1. Could you tell me how many degrees, from 0 to 90 and to the nearest 10, lie between the Cα long axis of helix C:213-244 and the main elongation axis, the longest principal axis, of the Cα atoms of chain C?
2. Take peptide C:124-134, look around each residue's Cβ out to 10 angstrom, count Cβ atoms belonging to other protein chains, and average those counts.
3. Considering only C-alpha atoms, what is the centroid distance from region C:282-314 to region B:166-193, in Å?
4. How far apart, in nm, are two points set 7 Å out from the Cα along the Cα-to-Cβ line at residue C:512 and at residue C:478?
5. With a Cα-only, solvent-free Debye model of region C:316-474, what are the log10 I(q)/I(0) values at q = 0.11 Å⁻¹?
6. Among C:352-361, B:40-49, how do they line up from the highest to the lowest mean number of other beta-carbon atoms within 10 Å?
7. From a point 7 Å beyond the Cα of residue A:115 in the direction of its Cβ, which residues of region C:313-349 have a backbone N at a distance under 19 Å?
8. Quick check: the angle from helix C:416-430's long axis to the longest principal axis of chain C, C-alpha only, nearest 10 degrees?
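Just so you know, all these numbers are worked out from the coordinates, no wet-lab data involved. The model shown is predicted, which means the values in this text are computed figures rather than measured ones. In this analysis, Cβ positions are derived from the backbone assuming ideal geometry, glycine residues included, and neighbour counts consider all displayed protein chains.
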Amino acid sequence: MPKKMVRRALAATAVIGLSLLGSNPAMAAWTLNLREGVTELSREIYGLHMLILWVCVAIAVAVFSVMIYSIATFRKSKGAVPATFDHSTGAEVTWTIIPVVILVAMAIPAARTLVKIEDASGSELTVKVTGYQWKWQYDYVDHGVAFFSTLSSRHNEARQVDSGVDVRQVDDYLLDVDNPLVVPVGKKVRVLVTAADVIHNWWVPDFGLKKDAIPGYINELWFRAEKVGTYRGQCAELCGRDHGFMPVVVRVVEQAQFDTWIAGQQAARQAAAAPAAQAAATVAPIAIETPALRVAAAE
Amino acid sequence: MAHAAHTAHDAGKYYIPHGSKWPIVGSVSLFTMMLGAAALLNGVNIAPYIFWGGFLAVLYMFYGWFGTVIGENQAGLYNEGVDKSFRMGMMWFIFSEVMFFGAFFGALYYARQLSVPWLGGEGSKFLTNMFLWKEYDPAWPTNGPAAVGGAFETIPAFGLPAINTAILLTSGVTITIAHHALKAGNRTVLKIFLALTFLLGFLFVGLQAEEYMHAYHELNLTLGSGVYGSTFFMLTGFHGLHVTLGAIMLVVIWLRVMKGHFTPQHHFAFEGVAWYWHFVDVVWLGLFIFVYWL
Amino acid sequence: MSETNQTHPDVLSRTHHDVEVAAQGHHDDHGPARGIARWLTTTNHKDIGTMYLVFSLVMFLIGGAMALVIRAELFMPGMQLVDPQFFNTMTTVHALIMVFGAVMPATVGLGNWMIPLQIGAPDMALPRMNNFSFWLLVAAFSLLILSLFMPGGGPAAGWTLYPPLVLQTGDAFPLAIFAIHLAGASSIMGAINIIVTIMNLRAPGMSLLKMPMFVWTWLITAYLLIAVMPVFAGAVTMLLTDHFFGTTFFAASGGGDPVLYQHIFWFFGHPEVYIMILPAFGIVSEIIPTFSRKRLFGYDAMVYATASIAFLSFIVWAHHMFTVGMPLAGEMFFMLSTMLIAVPTGVKVFNWTATMWKGSLTFETPMLFALAFLFLFTIGGFSGLMMAIAPVDFQYHDTYFIVAHFHYVLVPGAVFAIMAAVYYWMPKWTGHMYDERLARIHFWMSAIFVNVLFFPQHFLGLAGMPRRIPDYSTQFADWNMVSSIGAFGFGLSQLLFVYIVWKTARGGVKATAEVWTDARPQGLEWTVPSPAPYHTFDEAPLVK
Ligand code: HEA
Ligand code: HEA
Ligand code: CUA
Ligand SMILES: [Cu+2]
């Protein structure tokens, strides 16, 4: 069985190695690896991920080959006689120091990226995102535009038990919404996440970040999408029955397109009956809480 | 095995009790009591019977279990080793109690140092205040940005609480005197000061109850008074509960003293309870400083 | 078994006489009582150890069955079997049962059986409380199972019970909370018992640094338990009052913070995961030397490494909370402290390897499981280290990458170690050798399926599949199907384990006192006959 052992260990390392091939985003099924994403941060994170992965693979190869060698060589059946040593200060010091060094080397770039992630200054657009059971509300605080974003009805029907729909025929199953968030490409967008009821988590893998949406508190994250396109993510904090069914969809468009879109939204808002009330109702982050309402009205 | 009958005569052996019904009685009654408590909270109408039934069974268990232990002890079945086990056990039990209070002190610290300032717009979370709680300016004591439970007043440290502090500290002294008396074989002093100790204990609990009445009726300070009310009543409440238990234990010890139990050399039960008493004493100091005073 | 001395509950009128009578009643006490009474009233560490182990196995089956519900629903995209709410309940209760009902009781059971045998003690130091600990656990899990049938369904907010979500639980809520209180009390008493036993009842001559590694790891685990279980009790108590008594510990409106709960929970929760793995480390440290026919390499270093892991476990908790929006300094601190844990753990892995180096290895089933532990736990450790890198954890967090990580450290980690221990010591308990052939089949099936089950979950997580979801986008379909197949394979293998244990208990080749005769295992447990008599080390042995 040591042979089997060897094979299994090799297989394991091989698979980890393989996972590097997975980085091709086009490859949907059988995906193996993290995606690089479309922001500076997501790429840096991807880089850190590959670095630490390789470090681990390297150490694994080293440690596992010693184990496998021992298993294969020092066997009673091969007449091996046990040695009597039971410690070696030299060795023990070495394998305490080396990991420390590796870890310090890891910590430095990690810390650098962390600092960058936490610096949301100089943003060019601010969107307030509020999680509800089970939908998102997007509020362009500088434009007085706010709306809800919900799993699109087709998907919602498809996902019911015995809906009779073959979900494989539904494209982007569970990852499509009625009103996506729309942002301009190449601009630093600051996202303020909060929640109305329970904790949710706003996550777009291609932007590299996720942040908890905590009722009564505001968390910040930022991204600068470099490619026009539609990016899909999901709520990433258990928030009750339909936690699996409140996707995040972001459309990244050219600035000009964005401007016309937001203008249209504002116009629609004017047109709408009893605008004030409506705005208040939709913008209110936590319907019951008055101070919030006041903010909303103020905008 | 360190066989009961032998052990009685062979002090060298570590006493291993034989089968006992108390553990199973204990867990069945605790199960019943907790089931009843849950039912109470869920508003099931027969719940009180289940709960109080379980509660009485739990009392019966303690009574019988400790009765057994005391009996074995009086019978001289316990050697040094057993005594040491009891001591260590009591020590680590008290440590676990310390950690339990630690959780609530931790919550107090977090609320005062982090969450309340954040809601007030300090530090890294200023946006929270800007967008959600514009009007709120943080100050301790607080019932939060939504003024949960309505305006309230707090209990000044240097009124009843100070008196209570004096009472508990005194009780710490009286029990120490009692202990010395016990070691010196002076039973009268022992009896008097032990009695004094639990009387002070009950006095403390009485005043604490008085204070709660005042808080609820005059100050509108309740469990529901935001995070201040929450931490205030949970900390002082659990402490009061522990004082009550400690005082009851002191009464039992006192009754045993009256029965002529304990020798100047062997009186673990007394010491265990004394340690416990000092523990509630110390916790109170923490409360007085961080809950009432600062 | 006579209860004479318990039938005089009058504390104050108890006389010497009552107890003498009681004592007389026990000349037959050399053997167990007959029938059910034996198990209800026993104070014998072997009986209690056995009860813990059986209880743990049953819980493992129930918790596993729930896991199979999860895997069955996730077999294909689209909702096929259950309601999303029920799915969440399965996830939640699966975890609670596996953690508090299966793994922890199993290690406590092993501790009960082996610690007195390994330190030459006549029994546990506080035998009655020992039995109380066990039966409280039964009470606790009766409450938890009961909560599944309450209006509004069972607890469904995840085993981490985060507010505000957990406050939406129906009538199950107080039952689950009280179940945790009772289980906590049981653990605390069990831990106190173990500490006192080790500190007070060691055979003369057994200094602390002569104790077997399993005893050491359990001693340190017991300290962890006493330190964090009460904190958990406090946390859930605050949940209870927030739900029923209007407190606002975890509500911003009152000045509290939902994240406060997460801090308190993880201050308990992280040490908790080491509570599950340290005894496993101890087991592996017993088995590898035996079947390498060589002393454990770097015994002292192993002890200090265990201690430093325990210490560090108190200052890393917020690595579970990188995405809650902690201040930068906090994220930085918890990232660095967490990375540090790799060092002492590494020392252990290296020492185990060095123990095999130039040894004379044979591969009986306990050794096979120990070796699988060595490889697979390390893989789980690596993914843990990857998650410690805060910026990258922003991607990993709450995905199946996490699920893969902790199952690698928990299943081929903790659970494999427990199974290794069962194969290693069962002959000592029952006096029979297990069926080596079946056992090897069980090992290979488990070792292969566990990887089929959990390795693909790394890919799912990296591809972006969130955890705790009953249905997923079709891009995750393939690996989920593989994982589910692995799950059912693994589950079936465990039924074989149940059969092997049952068979060994009933009979089989007689085991010698030393059991692994030609490996000449070290330790006092091998000096008593197999099966170990009901009472051992009545006379403390002398350890030189
Ligand atoms: C037995 C249980 C166990 C164990 C032992 C561990 C061990 C570790 N865990 Fe894990 N963990 C869990 C159980 C466990 N974990 C659980 C249950 C969760 C999820 C809870 C939930 O959310 O539901 C979790 C989640 C979890 C998270 C949170 C992820 C998230 O939710 O976003 C993190 C983050 O840092 C983490 C880190 C670690 C680290 C660094 C270790 C380290 O101890 C690992 C150290 C070991 C090694 C590194 C390998 C061997 C070392 C060497 C060979 C030396 C050389 C190596 C190097 C120098 C790299 N764990
Ligand atoms: C020690 C702890 C432990 C153990 C042993 C396991 C064992 C297993 N776990 Fe679990 N698991 C957790 C701890 C553990 N888990 C935790 C902490 C979580 C997080 C929960 C949360 O997010 O809140 C989790 C979550 C979790 C998930 C994610 C759920 C989600 O996010 O929605 C999944 C999914 O695959 C899973 C699967 C499994 C499987 C297949 C096993 C298998 O190893 C089980 C194998 C055993 C069996 C299959 C039993 C064998 C019996 C039969 C086959 C027959 C049954 C018959 C009868 C009962 C009569 N677990
Ligand atoms: Cu919203 Cu999960
Ligand atoms: Cu952790």
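1. Its long axis makes an angle of about 50 degrees.
2. Values: counts 2, 9, 6, 7, 12, 5, 1, 8, 10, 2, 3.
Per residue, the average neighbour count from other chains is 6.
3. Distance between centres, Cα-based: 48 Å.
4. According to this spin-label approximation, the distance is 5.4 nm.
5. The Debye formula, applied to the Cα set alone, gives -0.56.
6. Numbers: C:352-361: 23.1, B:40-49: 13.1.
Order by mean packing, descending: C:352-361, B:40-49.
7. C:326-337
8. Helix C:416-430 sits at roughly 20 degrees to that axis.
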